[in-house]
Each structure stands twice: as C-alpha cells, then as structure tokens.
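The values are calculated or read from the model by the stated rules, or taken from the named source; none is laboratory data. Keep in mind the model is a prediction, meaning the values are calculated, not measured. Every residue, glycine as well, gets a Cβ built from its backbone with ideal geometry; the counts of neighbours run over all protein chains shown. Note: areas computed on protein heavy atoms with side chains; ligands, DNA, RNA excluded. Shrake-Rupley method; radii C 1.70, N 1.55, O 1.52, S 1.80 Å.
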Amino acid sequence: MISKDQLRELLPSALDQTSLPLSNKQTGKVRDWYDLPDGQRIIVTTDRLSAFDRILAAVPYKGQVLNQLSAWWFEQTRDIIPNHLLSVPDPNASLVTIVSPLPIEVIVRGYITGVTTTALWYRYSIGERNIYGYDCPEGLKKNQVLPEPIITPTTKGGATGHDERLTCAEVTEKGFIDKTIWDQVQLAALAIFRYGQHIARKAGLILVDTKYEFGMAQDGSVMLIDEVHTPDSSRYWKADTYEARFNTGNEPENFDKEFVRMAYAEKGYRGDGEIPSMPNDLWVAASERYITIYEMLTGNSFKAGAYPVEERLLKNLEGLGIK
Ligand SMILES: Nc1ncnc2c1ncn2[C@@H]1O[C@H](COP(=O)(O)OP(=O)(O)OP(=O)(O)O)[C@@H](O)[C@H]1O
Ligand SMILES: [Mg+2]
C-alpha cells in the first residue's frame, strides 16, 4: 500500500481535468469523455470527488480505482448482461461503445436506509407506507435488511436537476422505457446486484444499494454502461460489525465515501453556500479508502499508475490514433 506521505505529496498532482488533443471533449462531474469515429468513446475517469452535487476535491488514484473497479465488475458480469466496455487502454481510461442511455436511473436497494428525499428510510420516516410502489409493514428500523432487493427507479435529473421517483410500473406506463426492454433491465439489475452482494460479502462488506445505468446499442441490445458497484455509485457497510451495531441502534460502519460527506456535515455544510476547506488528511484518507475498497473487492493488489496522469494517458492512447 502506498504510504500516507506519498499520497499527501501527490495531492497537488491529482487529475482534476483532461485536455486530450481531440475537439469534442464533454464533461460530467467525475468523467471527461471524447467521442471517436465508429461509435466509440474514450471515457477518462478523473480524480474529481463529488458530493452534494458539487466537486469538492481531486483525490489521487480515485480515478484509477473507479475506472479499474468498474472494468473489473464489467468483466465479472458480462455473462449476466453485455456492457459498453471494449478495452482499458490506460489505468484512468476506458474505450467504450456509445449507446443511447435509457432515461432512468436503476437503483437497487437491499436495505432500508438513507436520509435524502429519494431514500427509502427518509420516505418511511415521514410516514409513507407505500414507497416506490412497495407496501412497507409497520415497525421497520433504519438500516434493516429488506426481505429481498428491490428496484426504486428515478428519472435522470435533466433540466430541472431533480430526480423524480417512479414505481417500476410507471417506467412503462409513463412511456420512459418499452415494456420488453424494462423487463430485461430489471432482471439484469437484480441479478448483477445479487452477484455484487455475494462478492462484497466474501470481501467482508455489505453492498447496501447501488445505481445502474443502461443504454440501447445500435443493434437494439440492452447494455450496462457508466460505472458498476463503485464507492461513488454504491453504499457499502462493514459486514462484521453490522449486526451488533444494528441491534444496539447504532449506525453501521460505512465503507464508501460517506465519511467525506460526514466531515462536511460536521462543519455544517450540506451543499449550499461556500464550500468549507478541509485538511489534506481528509483527502489522503479518501485516497486510501478508494484503494482499499478496490483491493478488498477484486482481491487484486492495486498497481499505482504513474503521475502526472495526463502524460501517461496520452502515450497510452497513441495506439488508438490519438496524438
Ligand atoms: N456508453 C455510454 N454511452 C453513452 N453515455 C454514457 C455511456 N457511459 C456513460 N455515459 C454517460 O456519461 C456520463 C458520465 O459522466 P459522470 O458520471 O462524470 O457525470 P454525471 O453522471 O453527470 O455525474 P454523477 O455521476 O456525479 O451524477 C453519464 O451521464 C452517463 O450516463
Ligand atoms: Mg455518473
């Protein structure tokens, strides 16, 4: 494992943006992407860390972990559903097939938790008993396991920026996705989630909930896209302490990027106004957390790519005719 001192030294060189010699750069919160001819795309996962819908910092190796962890899950789940990944030319970059993304975020939940307005626990705690179309019994406790994982779809933010909650039936009734496709998506999402929970368990973690995105390929097939079971798209808890803590009414031990959100919340920040500055130790800890999760889940030892990333990236992409 890379030492804290090494991580601290790398903080100023973390990859906060890219500028490949291509004319069509697009950016999301965490990724930069460039479309190539022939329906292909280079997605570069940067070191940007987002929470509260804001970019808070750039964390060394976060991009590499997200890119390589997603690639690992894409390989592992290929027999459940095809995905967009074609190759991984650089630790931070993936070559993918461009698809038409389906307009729904497919969230799968194994536990009732969460305090944001779309979260199951939040809805339950304000008295709702039919949530996302599921009837919930009285007496559920925060962080309790659900009888089986459920899908809680939301629309993708779009212009208003707000994700609208939907029942699984509404996804087709409101015309977001064709019934045959939606049935396929639901089956795949539940299968990948169960597989993810199984792998996480073996690694000493609980995969609590996650978000998937799917798209339609040129040939009409459904593909898994974006990122899979990363600490950015998923909630993970430590498995060995879950039960004792749940039984005594304590919060589970998070093992994702929740501790970053909590550090901000302790300073009174919840996403509005000026972003407080945080000590470098927080970002060093975040970097370590991402690397540890990669190693626990994949069983591989993390092979740190060279910094600065962009130089290396350019060299690795030359083979694709990008220079
Ligand atoms: N193969 C693909 N074809 C088309 N679009 C894709 C493909 N894979 C991913 N995308 C889209 O690329 C974007 C990835 O960007 P990124 O995750 O950085 O930003 P974001 O989704 O806006 O932010 P956040 O993940 O924080 O909500 C997403 O909008 C995703 O739907
Ligand atoms: Mg995203």
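Take every Cα pair under 8 Å in the stretch 112-218 that's 6+ residues apart, average their separations, divide by the length, and report that relative contact order as a whole percent.
After rounding, I find 16 percent.
At 1.4 Å probe radius, can you tell me the per residue accessible area of the chain in Å²? Before the final figure, lay out each step's value.
Details: 15070 Å² over 323 residues.
Here the residues of the chain average 47 Å² of exposed surface.
Run down the lysines and flag those whose C-alpha is under 27 Å from the C-alpha of LYS323, throwing out any fewer than 8 positions away in its chain.
Filter leaves LYS25, LYS29, LYS62, LYS303, LYS315.
So for each of 10-16, 266-272 I average, over its residues, the number of other beta carbons within 10 Å; can you give me the resulting order with the highest mean first?
Working: 10-16: 17.9, 266-272: 11.0.
The peptides rank, most packed first, as 10-16, 266-272.
Can you find, among VAL260, TYR134, PHE246, the residue farthest towards the positive end of the dipole of the chain? Put +1 on the C-beta of Lys and Arg, -1 on that of Asp and Glu.
PHE246
Please grab the % of Cα pairs in the stretch 35-130 that end up more than 23 Å from each other.
When every Cα pair of the stretch 35-130 is considered, 47 percent fall beyond 23 Å.
Taking the Cα centre of the stretch 111-240 as origin, sum charge times position over the Cβ atoms of Lys and Arg (+1) and Asp and Glu (-1), and report the length of that vector in debye to the nearest 20.
Here the size comes out at about 500 debye.
Using Cα positions and a limit of under 22 Å, work out the lysines in reach of LYS174, with same-chain residues fewer than 8 apart set aside.
LYS156, LYS211
Quote the relative contact order of the chain in percent (integer), defining contacts as alpha-carbon pairs under 8 Å separated by 6+ residues.
Value for the chain: 20 percent.
Using +1 on the beta carbon of Lys and Arg, -1 on that of Asp and Glu, and nothing else charged, what's the dipole of the stretch 1-143 about the Cα centre, debye to 20?
Working: 15 positive and 15 negative charges, 86 e Å.
That gives a dipole near 420 debye.
When the dipole is taken about the Cα centre of the chain, and only Lys, Arg (+1) and Asp, Glu (-1) are charged at their Cβ, what size is it in debye, to the nearest 20?
340 debye
In the chain, what percent of the accessible surface is made up of carbon and sulfur (1.4 Å probe, ligands and nucleic acids excluded)?
Its accessible area is 49 percent carbon and sulfur atoms.
Report, ordered by chain and residue number, the lysines lying within cross-link reach of LYS202, taken as a straight Cα distance under 17 Å and ignoring same-chain residues fewer than 8 apart.
Once the sequence-local lysines are set aside, what remains near LYS202 is LYS238.
Just need the relative contact order of the stretch 3-97 here, percent rounded to a whole number, with Cα pairs under 8 Å and 6+ apart.
Reported relative contact order: 24 percent.
Viscosity 0.692 mPa s, temperature 37 °C: what is the translational diffusion coefficient of the stretch 280-323 from Stokes-Einstein with a Kirkwood Rh over Cα pairs, rounded to a whole number of µm²/s? If you can, show how the numbers build up before the last one.
Numbers: Rh = 12.5 Å.
The calculation lands on 262 µm²/s.
TYR212's amide H: which non-local residues (gap 5+, or another chain) put their own amide H closer than 5 Å, with H modeled 1.01 Å from N in plane and none for Pro or chain starts?
For TYR212, the qualifying residues are VAL106, ILE107, VAL108.
Taking the chain as a Gaussian network, Cα atoms linked when under 10 Å apart, which of THR298, THR116, THR230 shows the biggest mean-square fluctuation?
Largest GNM mean-square fluctuation: THR116.
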